[in-house]
Amino acid sequence: MEKKGQALVEFIIILPIFLMLFLGVIDLGKIFYNKIILESAINDVVSLYQEGKSADEIKKELDLDDSKLEMNRDGKYREISLEKEIEIITPGLNLVLNSPYKLEIKRSIIND
């Protein structure tokens, strides 16, 4: 009987740690997935900008409603940035990564 009780106590102690690790892996996977999506989208934004399209046309064409698109002119260069907020679900990790986590991808291209 004592073995069953000991196993239950060990399980109860380890379960929250396991769940936090599991949710943390899911959150980090979500961040890396969205980073890859934004990297791909910003490459498309740069291509469309170089074709002469405006920021509003680019946003409509690429369906970037949940992302923030900015184009800033800085002398000889134009800086294009995409920003997206990602909600963190892991308790504790949201304190470390400041939920919602702001993911920002930038590209600088030469002004025409």
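Residues in the stretch 45-67 that are of a type in the set (D, E, K, R) and surrounded by 14 or more Cβ atoms within 10 Å (Cβ to Cβ): Lys53, Lys59. All conditions but one from (1) surrounded by 11 or more Cβ atoms within 10 Å (Cβ to Cβ); (2) modelled with pLDDT under 85; (3) under 30 Å from Pro91 (Cβ atoms) apply to Leu19; the one that does not is (2). Going by the conditions given, is Ile17 β-branched (Val, Ile, Thr) and within 30 Å of Asn111 (Cα to Cα)? It is false that Ile17 is β-branched (Val, Ile, Thr) and within 30 Å of Asn111 (Cα to Cα). Quick check on the stretch 16-26. Is at least one of its residues under 19 Å from the mean Cα position of the chain (by Cα), more than 28 Å from Val96 (Cβ to Cβ) and of a type outside the set (Asp, Glu)? So far as the stretch 16-26 goes, no, none of its residues is under 19 Å from the mean Cα position of the chain (by Cα), more than 28 Å from Val96 (Cβ to Cβ) and of a type outside the set (Asp, Glu). With respect to Ile36, is the statement that it is surrounded by fewer than 13 Cβ atoms within 10 Å (Cβ to Cβ), modelled with pLDDT of 85 or more and of a type in the set (A, V, I, L, M, F, W, C) true? Yes, satisfied.
Where strands (runs of 3 or more DSSP E) sit wholly within the stretch 38-112, those with at least 1 residues that are under 30 Å from Ile17 (Cβ atoms) and without any contact (Cβ under 8 Å) to a residue 40 or more places away in the chain occupy 77-86, 101-110. Of a type in the set (S, T, N, Q), surrounded by fewer than 13 Cβ atoms within 10 Å (Cβ to Cβ) and modelled with pLDDT of 90 or more: does that describe Ser81? No.
The values are calculated or read from the model by the stated rules, or taken from the named source; none is laboratory data. Keep in mind it's a predicted model, so treat the numbers as computed, not measured. Cβ coordinates were reconstructed from backbone atoms using ideal geometry, including for glycine residues, and neighbour counts include every protein chain displayed.
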